[in-house]
Amino acid sequence: MTIVATAGGCRATAGAPNGGLTTQVKPAETSVVRSRPAWPPLVAVVTILLGRLFDALVPIGLVAQIPERASLTLLFAFVAATLAISAVVAFRRADVSVVHGTPRRLVTDGVLAHTRHPMYLGTILGLIALALSFGSDWLLVFLVPAALVVHRIVLGEERVLQAAFGDEYRRYAARVPRYGWRF
């Protein structure tokens, strides 16, 4: 299959090079909504760097004293990885990219049937796991503003999804929690 994107739309051709089956999508026939750039990885990296920097400059040492810190680290890391990997699997099964951009299809199965933003939730839980692993008080402190930034990103993405999928997304949002878990 060959996909050609032009200013006038997209054309997909399958079959022989001299023709085959062709499907053309013109911009007037579709609702194209652009999402924000991929900020969450940058937010996570900045949070880690700030946390480690402040740990070195102004050590507190409370997190390092938590009993069973290693077990808690493994628990948070396991849950974070499970959420993120499960989300990637759900998107791949639906043939939807996990990269920010124009949403083509609303994915509501797998882990996304239980929480609307498993990758963001996994990122925050992963940062908690790192804070526990490093014994970093400051990483936990900087996690609060980082979570607020991620929440603003989520709200923007939800506006994009609502514009793209309308009532279908509103029904999904009504039955599945944003960050919690639907049992």
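So here's what we get for this one:
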read-out	value
Options Val58, Val63, Val45, Val99; residue that is under 18 Å from Ala146 (Cβ atoms) and touching a residue at least 60 places away in the same chain (Cβ under 8 Å)	Val63
Single condition Arg11 does not satisfy, out of (1) modelled with pLDDT under 95; (2) in the same structural domain as Gln162 (by TED's automatic domain parsing); (3) basic (Lys, Arg)	(2)
Residue in the stretch 58-80 that is surrounded by the most Cβ atoms within 10 Å (Cβ to Cβ), counting only those that are among the hydrophobic types (A, V, I, L, M, F, W, C) and within 13 Å of Val141 (Cβ to Cβ)	Val63
Selection status of Gly51, under 23 Å from the mean Cα position of the chain (by Cα), among the small types (Gly, Ala, Ser) and either loosely packed, with under 12 Cβ neighbours inside 10 Å or at pLDDT 95 or above (or both)	yes
Residue within the stretch 77-84 that is over 17 Å from the mean Cα position of the chain (by Cα), in the same structural domain as Tyr169 (by TED's automatic domain parsing), hydroxyl-bearing (Ser, Thr, Tyr) and at pLDDT 95 or above present	no
Verdict on Leu161 being in contact (Cβ under 8 Å) with a residue 24 or more places away in the chain and under 14 Å from Ile48 (Cβ atoms)	no
Residues of the stretch 52-108 that turn out to be of a type in the set (Lys, Arg), in contact with a Leu (Cβ under 8 Å, 6 or more places away or on another chain) and over 15 Å from Leu125 (Cα atoms), as a count	1
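The values are calculated or read from the model by the stated rules, or taken from the named source; none is laboratory data. Predicted model only: the values in this text are computed from it and were never measured. Every residue, glycine as well, gets a Cβ built from its backbone with ideal geometry; the counts of neighbours run over all protein chains shown.
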